[in-house]
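The structure appears right after this line, and notes come after that.
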Amino acid sequence: MIVATLWFSDQARKAFRRTRVEMGSVNAELQGKHLAVREVQAFNRADENIQNFRVTNAANRDANVTAVAFTSALAPTLEA
């Protein structure tokens, strides 16, 4: 139980650090795009910006799913 707890805790800690980094990326991209709306419209780059945001947001989602998976798997592992 101690080994499982330590391993899952370590993995969850790493995953939650990654979620904070990815959330920072999402926030930075949103802020940057928000400030440059006129330039995006002037150079017709809306589609590219949307695609870039989707990639950044998907990385954030994947990091959160991984973090939740590790924390959710701890209790059933200890029960087993």
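Would you tally the residues in the stretch 39-58 being part of a helix (DSSP H, G or I) and either hydroxyl-bearing (Ser, Thr, Tyr) or surrounded by 14 or more Cβ atoms within 10 Å (Cβ to Cβ) (or both)?
Let us first name the residues in the stretch 39-58 that are part of a helix (DSSP H, G or I), namely 39-42, 46-58.
Filter again for either hydroxyl-bearing (Ser, Thr, Tyr) or surrounded by 14 or more Cβ atoms within 10 Å (Cβ to Cβ) (or both), leaving 40, 49, 53, 56-57.
Going through the stretch 39-58 one residue at a time, the tally reaches 5.
Can you run down the residue pairs with Cβ atoms below 8 Å, 6 or more apart or on separate chains, where the first is in the stretch 45-69 and of a type in the set (Phe, Trp, Tyr) and modelled with pLDDT under 95 and the partner is open to solvent by 80 Å² or more (accessible area, probe 1.4 Å) and in a helix (DSSP H, G or I)?
Hits for this filter: 53/30.
Just give me the residues in the stretch 7-34 being farther than 30 Å from residue 75 by Cα and surrounded by 10 or more Cβ atoms within 10 Å (Cβ to Cβ), in sequence order.
Scanning the stretch 7-34 gives 25, 26, 27, 28, 29, 30, 31, 32, 33.
Given the options 63, 75, name the one that is in a helix (DSSP H, G or I) and more than 9 Å from the chain's Cα centre (by Cα).
Exactly one residue qualifies, and that residue is 75.
Considering only the stretch 62-76, state which residues are surrounded by 13 or more Cβ atoms within 10 Å (Cβ to Cβ) and not small (Gly, Ala, Ser).
62, 64, 66, 68, 70, 71, 74
The values are calculated or read from the model by the stated rules, or taken from the named source; none is laboratory data. Note that the structure is predicted; figures quoted are calculated from it, not measured. Don't worry about glycine lacking a Cβ; one is built from the backbone with ideal geometry, like all the others, and counts go over all protein chains shown. Only protein heavy atoms, including side chains, enter the accessible area calculation; ligands, DNA and RNA are left aside. Shrake-Rupley method; radii C 1.70, N 1.55, O 1.52, S 1.80 Å.
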